[in-house]
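Read through the structure below, which is laid out as structure tokens, and then see the notes.
The values are calculated or read from the model by the stated rules, or taken from the named source; none is laboratory data. Since we're looking at a predicted model, the values are computed, not measured. Methodologically, a virtual Cβ is constructed for each residue, glycine included, from the backbone with ideal geometry; neighbour enumeration extends over all protein chains shown. Just the protein is used for accessible areas: all its heavy atoms, side chains included, with ligands, DNA and RNA removed. Shrake-Rupley method; radii C 1.70, N 1.55, O 1.52, S 1.80 Å.
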Amino acid sequence: MLPTLAELLTLSAFAGAEVRSGHARLEGPITWVHVSEISDAARFLSGGELLLSTGTPLIGEDAAVYIRSLAAGGAHGLALELVREVRELPLAVLEAAHETDFPLIVFGQEVNFAELTRAAHARILRPPAAVSPPSLAPLTDALNETGRAADFVASHLGAVLALPPRPRLTLLDTLTALLACNFNVAESARSLGVRRQTVYYRLEQLRAMLGDLDDPRRQLGLLLALELSRGS
């Protein structure tokens, strides 16, 4: 999940940051952090960015236009290091920020933009927490509850289930392995502990007995049928 601007401001790299406007929009998600000193930065935005600047675009009569363009372009904030050419926020800039409810962040001391972007991007790119894979349980439960499970399994796996125990188990295990890795034969062979040629041979058997195995809808049906057959 992307961090909000409020979350980024709690990072140690952002220590000393002061929010001057846009307090109501600090919960906006930040997609990226850019250093920009050009007045037409808005045309490069894709939305959700936090811009870092020493204030160069605020010099001149178009400073308020600059702020409005960032807000209209989808930026979620502007962080300014006000220690060089610009040491105070121009009144027109602050008014434009209040009018558009645009977050302005001010540093009254020199900051390292590289450290700011590094810290922000580490948080933005942080791998999401592991989540459980989607479950087929709701679908299998529905088929069981409506009494259609047996017919469903037979329609998808009947030819294989009619085999003697040993070849039946072998082909069902092979089909399960193939479905788990999107029919990657090499990966299936590794998971089954057999040679690739063996998997190719079994795959041909499965195609002959079950028909088309390439259609995603067919694959979903097979996954459901395998799940139901395990629970029977």
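Just a few scattered comments:
- Neighbours of Ala64, meaning other residues whose beta-carbon lies under 12 angstrom from its beta-carbon, give a summed charge of -3 when Lys and Arg score +1 and Asp and Glu score -1.
- With all protein chains kept in place, the per residue accessible area of the range 17-147 amounts to 54 square angstrom at a probe of 1.4 angstrom.
- Measuring only protein heavy atoms, the 1.4 Å probe finds Val185 accessible over about 20 Å².
- Span-like helix ranges in the chain, DSSP H, alpha carbon extent 18 angstrom or more, Kyte mean at least -0.5: 165-180, 216-231
- Of every Cα-Cα pair in the range 1-70, the percent that sits beyond 21 Å: 28 percent
- Per residue, the average separation of C-alpha pairs within less than 8 Å and at least 6 apart gives the range 74-191 a relative contact order of 16 percent.
- Apportionment of accessible area to carbon and sulfur, the range 49-174, percent (1.4 Å): 57 percent
- Values of log10 I(q)/I(0), in the order q = 0.13, 0.16, 0.21, 0.24 Å⁻¹, for the range 154-232 under a Debye, Cα-only, solvent-free model: -0.34, -0.53, -0.95, -1.26
- Rotationally averaged projected area of the chain (alpha carbon convex hull; nm²): 19.0 nm²
- FRET efficiency estimate (nearest 0.05) - Cβ-Cβ, Ser155 to Asp101, R0 45 angstrom: 0.20
- Whole-number percent relative contact order across the range 1-50, with pairs defined as alpha carbons under 8 Å at least 6 apart: 40 percent
- Positive-end residue, the range 104-232 charge dipole about Cα centroid, Cβ charges, pick of Thr198, Gly147, Leu228: Thr198
- Protection-proxy order for peptides 114-124, 98-108, each taking the mean of Cβ atoms within 10 Å per residue, highest first: 98-108, 114-124
- Gap separating the Cα centres of the range 1-44 and the range 165-232, nearest whole Å: 50 Å
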